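Report on one structure; see the data block that follows.
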Amino acid sequence: MRKLTLGLVLAASLLSAAPVFALRTEGNTVIIPVIGRFPGTGGTQWRTDVFIHNAYMPGQTVTLRFYPTGGAMLQRTVTLQQYSGAHLPDVVLNTFSMPLAAGVLEVSGQSILARARIYNTGNPAGEFGQSVPGIAKERLSRQALLHGISGAAGNRVNIGVANPNDVPVTVALYIGNATNIPLHSQSVTLQPHSYVQFSDIFNTFGIAPQTAVAVQFNAVELPIYGYASEVRNDTGDAVFTFGTNPNA
């Protein structure tokens, strides 16, 4: 009986502590590092749906700011009641009236949640894609660490980093193998509210196919959003990973 009681107490304490470790992504300015509508390799046609949710605030107007690469910022608004959400399908075309564009999306309100789904409509077998979480700017950091990256066994890997700030940011990129031996490094300067993506990094940077690779994006002071997309060459199945900040 004593063991059972202790077990129940331990289980209850673990359950009560769980929210402390939950990942929080909501905020007043939520960053989605890239949305787009564009053709890709192999006949792919990429589209983006955006989902926004008002978790608990009274009815409010939410502002979307799209920063397309090479173009001027576009702004739209959506009204959300308490505990309600909005689905913006093919958002680049239907919300921002652009048939071909890609860039950073900023969603502003009070305690807003947002995410995107980027998917390919040009496959005869049907759609496939990946979910891209929006993360509040105040929860981002100057480091974005991506680990467990694999360019072996038929995978290709794209990585990118977005600058959600009003000023340019210089970002150092470092790629290391499983034992932290350097595989590639460089720096890139991002203009305000812009992103850069490096496609198929193992081929692009001349890295031998391998697993357990770590990618780091580091800025000096301001927050960034780093990410990776690991794609199967045979099926197109993709996994999106956002960078964390254990050393920042």
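If you go through the stretch 193-212 and keep only what is surrounded by fewer than 19 Cβ atoms within 10 Å (Cβ to Cβ) and not in a loop (DSSP other than H, G, I, E, B), you end up with Val196, Gln197, Asn203, Thr204. Within the option set Ala228, Ala153, being surrounded by 14 or more Cβ atoms within 10 Å (Cβ to Cβ), under 30 Å from Ala125 (Cα atoms) and either over 18 Å from the mean Cα position of the chain (by Cα) or not acidic (Asp, Glu) (or both) holds for one residue only, Ala228. Of the strands (runs of 3 or more DSSP E) lying entirely inside the stretch 26-85, those carrying at least 3 residues that are in contact (Cβ under 8 Å) with a residue 60 or more places away in the chain, farther than 28 Å from Asn233 by Cα and β-branched (Val, Ile, Thr) are 27-39.
All conditions in (1) charged (D, E, K, R); (2) surrounded by fewer than 19 Cβ atoms within 10 Å (Cβ to Cβ); (3) farther than 29 Å from Leu80 by Cα hold for Arg115, with the sole exception of (3). Residue pairs whose Cβ atoms lie under 6 Å apart, sitting 6 or more positions apart in sequence or on different chains, and linking a residue in the stretch 168-184 that is open to solvent by 70 Å² or more (accessible area, probe 1.4 Å) to a partner that is small (Gly, Ala, Ser) and modelled with pLDDT of 95 or more, are Thr170/Ser187; Ala178/Ala212; Pro182/Gly176. Within the stretch 213-224, not a single residue is within 14 Å of the chain's Cα centre (by Cα), without any contact (Cβ under 8 Å) to a residue 60 or more places away in the chain, open to solvent by 10 Å² or more (accessible area, probe 1.4 Å) and under 21 Å from Pro133 (Cα atoms).
Pairing residues of the stretch 141-159 that are closer than 13 Å to Val239 by Cα with residues that are in a loop (DSSP other than H, G, I, E, B) and of a type in the set (Gly, Ala, Ser), at Cβ distances under 7 Å and at least 6 apart in sequence or on separate chains, gives Leu146/Gly243; Gly148/Ala212; Val157/Gly151; Asn158/Ser199.
The values are calculated or read from the model by the stated rules, or taken from the named source; none is laboratory data. Because the structure is predicted, anything quoted here is derived from the model rather than measured. Positions of Cβ are backbone-derived with ideal geometry, glycine not excepted, and every protein chain shown enters the neighbour counts. Please note that ligands, DNA and RNA were not included when accessible areas were found on the heavy atoms of the full protein model with its side chains. Shrake-Rupley method; radii C 1.70, N 1.55, O 1.52, S 1.80 Å.
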